[in-house]
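Worksheet: one structure, shown below.
Laboratory data are not the source of any read-out in this text; all were calculated from the coordinates shown. As the structure is a computational prediction, the values presented were derived from the model and not from experiment. With ideal geometry, Cβ positions are generated from the backbone for all residues, glycine too; neighbour counts draw on all protein chains shown.
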Amino acid sequence: MLEVLNLHKNYGSFTAVTDVSFTLEPGDVFGFIGSNGAGKTTTIKMLATLLEPTHGTARLDGFDITEHPLEVRKRIGYMPDFFGLYDDVKVWEYLDYFSALYSVPVKDRPGVIDNVLELTDLTFKRDAMVASLSRGMQQRLCLARCLVHDPTLLLLDEPASGLDPRARAELKELLAELGRMGKIILVSSHILPELADFCNKVGIIERGNMLAFGGVDEIARGLKSIKVLEFRVMDRASELSMWLHGKPNIQNTYLMGATTVKVDFDGSHENQVELVRAIVNAGYPVMEVREEGVDLEDVFLNVTQGALN
Ligand SMILES: Nc1ncnc2c1ncn2[C@@H]1O[C@H](COP(=O)(O)OP(=O)(O)O)[C@@H](O)[C@H]1O
Ligand SMILES: [Mg+2]
């Protein structure tokens with residue numbers, strides 16, 4: 001478990017990260033979202049024990065980042081936003097070198113290297129020169145290097161930046177797999193849709209402040225009391241639209257064609273059940289009721305608006 005407790009960083013008189021607190025559990029894939037300069041890298045570097053907090057701390061499996069940095073380092077894999085690879089070595093040599101750095105016993109290294117190559121889909125490049133790899137493969141190799149010591153927490157600073165869509169999709173798949181293995185994954189991005197579809201938790205940071213943290217739906221629910229319900233009927237959509245107008249909890253109705261009506265709805269789940277029952281009881285030939293999915297981008301814009309204004 002990762003517990004972040006009022007983590008705070010000043011650079012001189014400038015505050016880059018303001019009392020950030022959150023908790024992540026094994027298997028969490030956490031999207032750490034914020035625009036450039038928001039404080040993501042500063043937070044990640046503190047968690048990676050490379051930068052001392054001004055105050056506050058974090059604990060990984062009970063080990064404090066300021067009191068026991070070496071214990072913490074054994075348990076984290078950190079991928080910086082700008083990473084350098086050693087070009088004039090083979091892929092397996094590169095991983096062997098990092099296995100040695102992380103004190104993986106000599107007899108275990110070949111097995112470990114095979115495992116991380118397999119996981120990152122690089123087995124076929126085992127004997128290739130690092131310099132010959134595509135950008136996406138180099139990114140995966142960097143991730144493989146972060147995995148040789150089997151860390152419990154992965155800190156990935158903007159790993160998807162500079163990748164083409166295909167490499168990005170592969171990275172997403174890999175991160176989801178690592179989540180299923182029970183690791184804690186913190187992945188940062190300034191591009192929201194990059195993270196939307198595979199993180200189970202998100203945090204939104206702006207100007208050093210964590211403006212929102214939680215499950216994607218949870219955050220959206222807290223923000224938006226109004227949701228959009230869509231009713232698809234066999235016919236009589238315009239009649240239904242008029243019938244809905246002015247009913248309890250209905251803010252607006254929109255006729256979307258011959259068979260579809262949308263409404264802005266601000267009631268509870270119970271109110272929603274009541275509404276659906278009433279429509280059916282009134283004899284409308286309802287085929288489908290749909291709640292419009294939460295758009296993470298809307299959430300982000302909503303949350304950050306306050307901070308930017
Ligand atoms: N070493 C430093 N000295 C002074 N200011 C810094 C330093 N590093 C970062 N900053 C400032 O702290 C803020 C947060 O930076 P950073 O954590 O890199 O944001 P992000 O990774 O979200 O883009 C920015 O305003 C940046 O200019
Ligand atoms: Mg950064």
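Show the residues, 5+ positions off or on another chain, whose built amide H is closer than 5 Å to the amide H of MET256.
For MET256, whose amide H was placed from the backbone, the distant partners under 5 Å are VAL261, LYS262.
Amide H to amide H under 5 Å from ILE205: which residues, 5+ apart in sequence or cross-chain, H placed 1.01 Å off N in plane?
Here ILE33, GLY34, LEU211 satisfy the definition.
Going by C-beta contacts inside 10 Å, put ILE65, ILE226 in order with the fewest on the left.
Numbers: ILE65 27, ILE226 13.
Going from sparsest to densest Cβ surroundings: ILE226, ILE65.
Looking at THR253, VAL276, LEU5, which one has the Cα that reaches farthest to the positive end of the dipole of the chain (charges on Cβ: Lys, Arg +1; Asp, Glu -1)?
Highest projection toward the positive end goes to LEU5.
Quick one: what do you get for the chain if you divide its Cα Rg by 2.2 N^0.38 Å?
Working: Rg = 24.2 Å, N = 309, 2.2 N^0.38 = 19.4 Å.
Compared with the compact-globule rule of thumb, the chain sits at 1.25.
Please list 3J(HN,Hα) in residue order for the stretch 73-80, calculated via the Karplus relation 6.51 cos²θ - 1.76 cosθ + 1.60 where θ = phi - 60°; whole Hz, with x for glycine and proline.
Values, residue by residue: 4, 4, 9, 10, x, 10, 10, x Hz.
Which value at 222 nm does the chain reach when only helices count, each DSSP H run of 4 or more adding -39,500 (n - 2.57), with the total divided by all residues and rounded to the nearest 500 deg cm²/dmol? Write down the numbers at each step before the final one.
On the way: 11 runs with 111 residues, N = 309.
So the calculated ellipticity at 222 nm is -10500 deg cm²/dmol.
Which of HIS269, HIS245 comes first, and how do the rest follow, when ranked by fewest Cβ neighbours within 10 Å?
Fewest-to-most ranking of HIS269, HIS245: HIS269, HIS245.
Short version: ³J(HN,Hα) in whole Hz for each residue of the stretch 138-145, in order, from phi by Karplus 6.51 cos²θ - 1.76 cosθ + 1.60 (θ = phi - 60°), x for Gly and Pro, what are they?
With coefficients 6.51, -1.76 and 1.60, one gets 4, 4, 5, 5, 4, 5, 4, 4 Hz.
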